[in-house]
Amino acid sequence: MATTNDKKNVSLGKPMASGCVYWAPAGTALPTDATTPLAAAYKGPGFISEDGITHATDTDTTEVNEMGGTKVINEISSYGETYQFSMLELNEQSMSLRHGAANVTAGDGGKLTVKHRMPAGESIVLVFEILLTGNKVKRIVVPDAVVSEFGDTQYSSGDAIMYDVTYAANPSDLIGGASSIDYIAPIATVSATSDK
């Protein structure tokens, strides 16, 4: 029997040198492959913490037993996805992802004004670009992302300040009712971050 194991299909996930997380306002044209450069409307918040991106799936199951105790139905009744990451940089884009673009004002000389208030349920487009082992790239596109949870922000002299957010991925007609879509492709040249 021939083996089907192939270590070329085992991968680590690293950021591209240009970044890993990008966002754009709702309605921005979506990328449709893994390698075409993103449109100028997509902005990045800079470095993400070493914990990377956590993609979580939440499901509920409906189970029905018949009178004798035999399970006759076992179906997934709900499905949801979230993407969680912690931003290391303090800039206009990271604060817009954390607090909403309408609450962030950038001024001359690096000045920022950030208003803290209840999230307005603003929908954005999220794109994650992940460098895979073996000269491949994965681009994850979330057409309808809404912030659903915030981590604590801790200020201390011993740890980097991080801005932790979780975005819910809502189903979108733009990708056939799916909540996110992956594009994976080989790339000719690799630009990984130099600090790994």
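Could you tell me the relative contact order of the chain? Use alpha-carbon pairs under 8 Å, at least six residues apart, and round to a whole percent.
25 percent
If you plug each phi of region 117-124 into the Karplus form 6.51 cos²θ - 1.76 cosθ + 1.60 with θ = phi - 60°, what whole-Hz ³J(HN,Hα) values come out, in order, with x for Gly and Pro?
7, 4, x, 8, x, 5, 8, 9
Note down the accessible area of I124, probe 1.4 Å, to the nearest 10 Å².
Counting only protein heavy atoms, I124 exposes about 10 Å² to solvent.
Heavy atoms only, probe 1.4 Å: what % of the accessible area of region 90-196 goes to carbon and sulfur, would you let me know?
Working: 3030 of 6080 Å².
The computed percentage sits at 50.
Once you have a ≥ b ≥ c as the square roots of the Cα gyration tensor eigenvalues for region 49-196, tell me rounded if a/c is under 1.5, and otherwise prolate or oblate according to whether a/b is larger than b/c.
prolate
Where does each of R139, R117, R98 land when they are ordered by accessible area, with a 1.4 Å probe and the largest first?
Heavy-atom accessible area, descending, gives R117, R98, R139.
Compare S18, S179, S157 in a GNM of the chain, Cα atoms joined below 10 Å, and give the one with the largest fluctuation.
Highest fluctuation among the options: S157.
Taking θ as phi - 60°, what are the ³J(HN,Hα) couplings along region 53-69 by the Karplus curve (6.51, -1.76, 1.60), each to the nearest whole Hz, with x for Gly and Pro?
Once rounded to whole Hz, the list reads 10, 10, 9, 10, 10, 10, 10, 10, 10, 9, 10, 10, 9, 7, 3, x, x.
Taking Cα pairs under 8 Å and at least six residues apart, what relative contact order does region 108-196 come out at, in percent? Please report the intermediate quantities before stating the final value.
Values: 130 pairs, mean separation 24.2, N = 89.
Relative contact order for region 108-196 comes out at 27 percent.
Identify which of V137, V104, V64 has the largest mean-square fluctuation in a Gaussian network model of the chain, with springs joining Cα atoms closer than 10 Å.
Greatest mean-square fluctuation among the candidates belongs to V64.
Using the structure shown, list the pairs from K7/K43; K14/K43; K111/K138 with a Cα-Cα distance above 26 Å, or answer none.
Where the Cα-Cα span goes over 26 Å, the pairs concerned are K7/K43; K111/K138.
On the Cα set of region 4-49, report Rg and Dmax in Å, please.
Cα radius of gyration and Dmax of region 4-49 are 14.3, 43 Å respectively.
How many angstrom lie between the Cα centre of region 41-89 and the Cα centre of region 1-29?
So the two Cα centres are separated by 18 Å.
Keeping all protein chains in place, calculate the accessible area per residue for region 49-117 (probe 1.4 angstrom), answer in Å².
In whole numbers, region 49-117 has 67 Å² accessible per residue.
If amide hydrogens are placed 1.01 Å from N in the peptide plane, which non-local residues have theirs closer than 5 Å to the one on S148?
T166, Y167, A168
Just M118, M162, M87 to compare: in a GNM of the chain, with alpha carbon springs under 10 Å, which one fluctuates most?
Per the Cα network of the chain with a 10 Å cutoff, M118 tops the list.
What are the ³J(HN,Hα) couplings of region 17-28, residue after residue, when phi is run through the Karplus curve with 6.51, -1.76, 1.60 and θ = phi - 60°? Round to Hz, x for glycine and proline.
These are the phi-based 3J(HN,Hα) values: 4, 7, x, 10, 10, 9, 9, 8, x, 4, x, 5 Hz.
Once Lys and Arg get +1 and Asp and Glu get -1 on their Cβ, which of G80, P37, I124 lies farthest toward the positive end of the dipole of region 10-159?
P37
The values are calculated or read from the model by the stated rules, or taken from the named source; none is laboratory data. Keep in mind that what you see is a predicted model, and the values were worked out from it rather than measured. Cβ: placed from backbone, ideal geometry, glycine included. Neighbour counts: every protein chain shown. To get the accessible areas, we keep the full protein, side chains included, count just its heavy atoms, and leave off ligands, DNA and RNA. Shrake-Rupley method; radii C 1.70, N 1.55, O 1.52, S 1.80 Å.
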